[in-house]
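In what follows, a single structure is set out as structure tokens and then discussed.
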Amino acid sequence: MPAVADLQHAELDLADEAATQAFGARLASYLEPGDVIALEGDLGAGKSTLARALIRELGVEGEIPSPTFTLIQQYDTPYLMVAHVDLYRIEDDSEIEELGLEDALDYGALVVEWPGRLGRAFEPGRVKGRLNLTLTLEDKGEDPAIEKRKLSAVGYGAWGPKLARITQ
């Protein structure tokens with residue numbers, strides 16, 4: 001497994017929802033089996049928007065529902081299997097084991113909202129590659145229509161060099 005020290009860090013300004021979607025779409029071409037994309041941020045910061053754009057770019061058509069209540073939505077894309085996971089409602093580590101996420105990494109990738117509830121098995125250095133993305137909403141100032149976001153990204157293992165290419 002890759003060392004945790006093998007990392008790349010980037011900060012990006014995302015001007016609006018379209019910029020968030022464009023970044024998610026760019027990630028799709030770099031996604032491989034065994035990868036974990038960990039999405040953090042406040043409610044409404046754009047985690048699901050980014051995840052949907054990534055999944056859509058992989059060839060999924062039609063509705064891409066939020067996994068908030070189902071916890072996991074799986075997609076068999078033309079490129080690889082992707083499990084979109086929302087752990088907001090998880091309260092106990094035993095619930096993570098029941099989802100079978102480790103098995104999903106054998107043949108696909110995980111896109112995980114609220115990854116702090118994943119546990120040690122998915123930490124950087126224990127998976128092939130992990131990309132941590134934290135989205136924060138900027139102060140809207142006097143215009144409530146502004147939805148600027150900041151994206152902080154840390155790529156571990158295989159995602160270190162990928163992140164450097166994506167953010168150039």
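So the values come out like this:
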item	result
Unmet criterion (only one of (1) on the phi > 0 side of the Ramachandran plot; (2) in contact (Cβ under 8 Å) with a residue 24 or more places away in the chain) for G100	(2)
Filtered residues of the range 53-94 (kept if charged (D, E, K, R) and at pLDDT 95 or above)	R56, E57
Test: residue in the range 132-152 that is touching a Pro at 6+ places or on another chain (Cβ under 8 Å) and closer than 14 Å to I37 by Cβ	yes
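The values are calculated or read from the model by the stated rules, or taken from the named source; none is laboratory data. A quick note: this is a predicted structure, and the numbers were derived from the prediction, not measured. FYI the Cβ positions are ideal-geometry reconstructions off the backbone, even for glycines, and counts take in every protein chain you see.
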